[in-house]
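Structure record follows, encoded as structure tokens.
Computed from the coordinates by the stated procedures, all read-outs in this text should not be read as laboratory data. Because the structure is predicted, anything quoted here is derived from the model rather than measured. Backbone-built Cβ (ideal geometry, glycine too); neighbour counts: all protein chains shown.
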Amino acid sequence: MTTAPTPGPLLAMRGIVKQFPGVRALDGVDLDVTAGEVHCLLGQNGAGKSTLIKVLAGAHTPDAGEIVWAGRPVTFGSPQAADAAGIATIYQELDLVPGLTVAENVVLGHEPSRLGFSRLRAADDKARRLLRRLGHPEIPPRRELGRLSAAGQQIVSMARALAKDARLIVMDEPSAVLDPEEVQNLFRVIRELTADGVAVVYISHRLEEIREIGDRVTVLKDGRTVARNLPARTTPTADVIRLMTGRTVEYAFPPRAAPVSDEVVLQVEGLSRTGEFRDVSFTVRAGEVVGLAGLVGSGRSEIVETVYGARRPSAGTVRVRGKRLRPGSVPAAVRAGMGLAPEERKSQALLLGEPVFRNVSLPAMDRFATAGFLGPDADLAAAAEITGRLDVRPSDPRRPARTLSGGNQQKVVLARWLLQGCTVLLLDEPTRGVDVGARSEIYALVRRLAAQGAAIVLVSSEVPEVLGLADRVLVVREGRVVHEAPSGELDEGRVLDLVMEAVPAGAAERSGS
Amino acid sequence: MERAAREEPARSRLARLFDTGGGRNLGLVAVLVLLGVVGVVTTDTFLTTANLLTVLTQASIIGVLTVGMTFVIIGGGIDLSVGKVMALASVWCTTVATQSFGWVVMIFCALAVGVGAGLVNGLLITYGRIVPFIATLAMLISAQGLAEQISGRRSQIVTDPVIAGIANTRLAGIPLLVYIFAAVVVVGWVVLNRTTFGRRTFAIGGNPEAARLAGLDVRRHTILLYVVSGLCAGIAAIMIASLTTTGSSTHGTLYELDAIAAVIIGGTLLTGGRGTLIGSILGVLVFTTITNLFILNNLATEVQNIAKGALIVIAVLIQTRAQRSSGTG
Ligand SMILES: Nc1ncnc2c1ncn2[C@@H]1O[C@H](COP(=O)(O)OP(=O)(O)OP(=O)(O)O)[C@@H](O)[C@H]1O
Ligand SMILES: [Mg+2]
């Protein structure tokens with residue numbers, strides 16, 4: 001499926017410049033990729049990684065610089081041009097069509113057809129073959145895409161990239177929504193691809209993944225290449241982090257303070273939702289961080305969303321400081337002091353076209369109004385103070401949320417609940433797509449909020465994160481809490497066992513219902 | 001981060017007032033001026049006070065409906081019922097029985113019918129989970145039917161001197177109807193741009209799920225948006241009853257389409273979340289001026305409709321262009 005390896009680099013990008021209104025996203029970036037390698041692209045949030053690969057994919061036109069592809073200088077005027085040249089891209093934000101079926105999405109743009117009629121059967125077969133290769137034979141090709149989970153959609157978007165028989169596949173944070181097991185699947189496929197001579201550009205904020213799969217590393221900082229072609233396995237982590245951030249980051253979890261009090265702030269009892277999860281009970285005290293560990297699809301997000309009132313429970317109660325909340329009412333939960341940073345920040349949390357500060361002040365805007373009247377900038381200063389404290393970049397709070405990089409958008413969502421002053425904070429994958437520097441800032445922030453007496457529920461697919469941050473861990477499997485223990489009594493292996501185990505020893509599963 | 005410090009040059013206050021659609025409203029002003037030039041060149045009556053006041057008076061009724069429509073569309077919905085709700089309100093407030101109570105009751109009645117219809121629309125859409133297009137289409141049809149039934153398909157003459165007098169009253173030479181229109185626009189602008197209600201409207205239209213998860217009461221707000229639109233239809237009903245001195249089930253036919261077209265030409269995104277009231281009003285003025293020019297030049301209404309259709313297409317083309325160049329994150 002691939003031509004013989006080209007002598008010299010398959011791809012060379014030189015001095016790429018991309019200017020957006022008010023921000024120079026790329027300011028002279030170089031990148032070399034050779035056939036058959038996994039080239040990792042590292043950099044903090046907003047460093048320009050996604051912009052660079054969008055330039056490569058023909059989605060952005062560079063203002064300056066040169067792209068040499070297979071020995072020839074090229075300009076990709078459109079995504080179709082890059083596609084035809086053999087470059088496939090898995091974007092950070094999924095670019096699939098929710099209304100089409102899985103198979104239609106996989107073959108979108110190059111549908112197998114005869115005389116202008118598309119051949120559904122052929123598309124289905126192709127999709128099925130690729131999904132099996134990705135380790136997901138259970139995803140039906142005829143299923144409407146919008147009904148798959150985020151992880152499922154990510155798999156489909158990978159299948160779509162594979163469908164093109166590309167010579168270079170770019171993956172922008174593909175692992176962000178995947179389970180550890182699925183990440184291993186992905187790595188297996190990447191190894192198969194590179195063995196065939198396909199080159200992969202891999203972007204991730206998880207440095208341990210870079211070590212495992214990467215061959216060479218290029219580091220971006222503030223739109224410039226600060227290091228090229230470092231060996232991925234032997235470069236010390238501390239060096240990489242220093243190159244990315246320009247400083248040394250304590251890559252550790254902040255120490256836990258002693259619990260503030262014994263006051264139970266959040267009390268969940270017998271919460272159930274038909275078909276999603278059953279009989280979930282737990283409490284969170286002031287100053288406590290409770291982690292929910294589990295696989296993608298085990299029901300963790302559904303549980304926190306139901307606690308928050310965004311889904312209506314079929315049974316059970318939620319109390320905040322002893323007061324029972326109206327079931328299925330988000331305004332009631334927010335009035336009681338709850339806040340949710342949801343899993344999908346783009347679709348569930350942000351107003352992409354609105355300025356950053358209005359995103360931050362959305363729940364709290366009444367506070368800045370007099371009798372319902374609100375000046376256009378009445379909330380600007382207060383919101384800017386919080387985004388400044390979280391070091392959101394670029395720092396201009398009037399910028400539309402759309403133009404921020406993924407990690408900075410996550411900080412905007414957190415800023416929202418800081419401004420609101422929550423006493424119960426529900427965090428669903430708060431560090432997804434967040435760089436090492438910002439990640440440790442978020443960890444510190446979570447601990448600081450806890451120290452100030454907030455009750456925090458943390459959902460994360462990264463087991464070390466749950467263990468490092470939470471005081472107590474609930475393991476969720478198939479919609480049930482199967483284990484609860486102080487995080488000190490657990491280790492990563494034990495949690496992974498509990499998370500995946502088919503039938504827990506001695507548990508009377510599936511009774512009733 | 002020194003890169004971020006380089007900002008766009010500060011825009012003038014005037015530009016800010018007209019903007020949020022990337023200077024599009026200034027484009028509409030240019031179109032208006034162009035139409036004016038065409039008017040001056042092709043007729044000698046266009047640039048007379050009498051004619052300009054006629055244009056404004058004609059714009060005022062659709063204009064009031066357009067204010068309500070702008071709220072609904074920015075909030076992510078659509079209201080097809082406004083024209084016929086206005087007709088129903090005009091009929092209800094001009095029955096012999098209602099008129100016997102005097103003008104205060106007549107006005108109250110018109111507003112109550114508008115608000116009631118908006119409330120029903122809102123409830124059907126939020127709690128009934130019917131898509132706005134269908135719910136308000138059903139309201140259009142039933143309002144039409146109800147108006148015909150109450151009036152027996154006859155025009156009801158307005159006998160009350162106060163209501164009949166509104167359209168004939170002028171203050172400083174300008175018809176009272178134009179003042180009413182202006183007042184609705186000013187109140188609408190303040191509510192949309194200077195209140196939490198306005199902010200929420202943009203938020204809910206832009207991303208309803210995000211708004212809901214941020215704790216906004218999306219259902220209540222959506223209902224209120226349709227109530228606002230209904231209220232505007234009620235106000236317009238009094239205006240049209242006065243202008244024509246009748247209440248009739250034939251009033252307002254296809255007005256909803258003119259209002260929607262004006263909103264779109266004004267740069268408001270049909271999918272919600274973005275738009276300006278000033279743009280919508282400029283859209284109304286452009287439309288009414290075109291009609292006026294055709295009448296002054298004795299041209300057929302068919303040609304006029306073709307011109308309006310072309311204008312809508314051009315506006316939407318510009319809109320999608322602008323959207324694409326502003327980039328997708
Ligand atoms: N369409 C746009 N308009 C304006 N600015 C943009 C646009 N897209 C990106 N930017 C800016 O360009 C810079 C680089 O963003 P980019 O998305 O490439 O970062 P990234 O390295 O991919 O970060 P992350 O790890 O958070 O995904 C950021 O400052 C961002 O705000
Ligand atoms: Mg990115």
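Quick notes on this one:
- Which of A:D95, B:D44, A:D215 has the fewest Cβ neighbours within 10 Å, and the rest in rising order: B:D44, A:D95, A:D215
- Estimated purely from DSSP H runs of n ≥ 4, each contributing -39500 (n - 2.57), the mean residue ellipticity at 222 nm for chain A is -9000 deg cm²/dmol once divided by its residues.
- Other protein chain C-beta atoms within 10 Å of residue C-beta, averaged over A:127-138: 0.
- Label point distance in nm, B:T253-A:V74, each placed 7 Å from Cα along Cα→Cβ: 6.0 nm
- Karplus 3J(HN,Hα) series, Hz, for segment A:203-212 with 6.51 cos²θ - 1.76 cosθ + 1.60 (x for Gly, Pro): 10, 7, 9, 8, 5, 5, 5, 4, 4, 6
- Per residue of chain B, the DSSP helices (runs of n ≥ 4 H) give a summed -39500 (n - 2.57) that works out to -24000 deg cm²/dmol at 222 nm.
- A:K323 versus A:R335: modelled label distance in nm, points set 7 Å from Cα along the beta carbon direction: 0.8 nm
- Gyration tensor verdict on chain A (Cα atoms; rounded if a/c is under 1.5, prolate if a/b is larger than b/c, oblate otherwise): prolate
- Per residue of A:365-375, other chain Cβ atoms within 10 Å of the residue Cβ number 4 on average.
- Against the main long axis of the alpha-carbon atoms of chain A, helix A:380-389 sits at an angle near 70°.
- Global form of segment B:30-176, assessed from the alpha-carbon gyration tensor, a/c cut-off 1.5: oblate
- FRET efficiency for the B:V190 to B:N305 pair, using the beta carbon distance and R₀ = 25 Å, is estimated at 0.15.
- Residues of segment B:31-60 falling in the label zone of B:N298, defined by backbone nitrogen less than 16 Å from a point 7 Å along Cα to beta-carbon, are B:42-46.
- Calculated translational diffusion coefficient of segment A:255-401 (4 °C, 1.567 mPa s; Stokes-Einstein with Kirkwood radius over alpha-carbon pairs) equals 74 µm²/s.
- Label separation (A:V264 vs B:I157): 7.7 nm, computed from points 7 Å beyond Cα along the C-beta direction.
- Sites A:E144 and A:E478 - FRET efficiency at Förster radius 25 Å, r taken between beta-carbons, to 0.05: 0.60
- B:T169/B:F101 FRET efficiency (R0 22 Å; Cβ-Cβ; nearest 0.05): 0.55
- Restricting attention to the protein assembly as shown, close to 60% of DSSP beta bridges with both partner residues there are antiparallel.
- Stretchable slack from B:D44 to B:L317, in nm (0.36 nm times residue separation minus alpha-carbon distance): 94.9 nm
- For chain B, alpha-carbon Rg relative to the globular expectation (2.2 N^0.38 Å, N residues): 1.02
- Here A:K126 is the anchor, and the lysines within straight C-alpha reach of less than 20 Å, apart from those fewer than 8 places off in the same chain, are A:K164.
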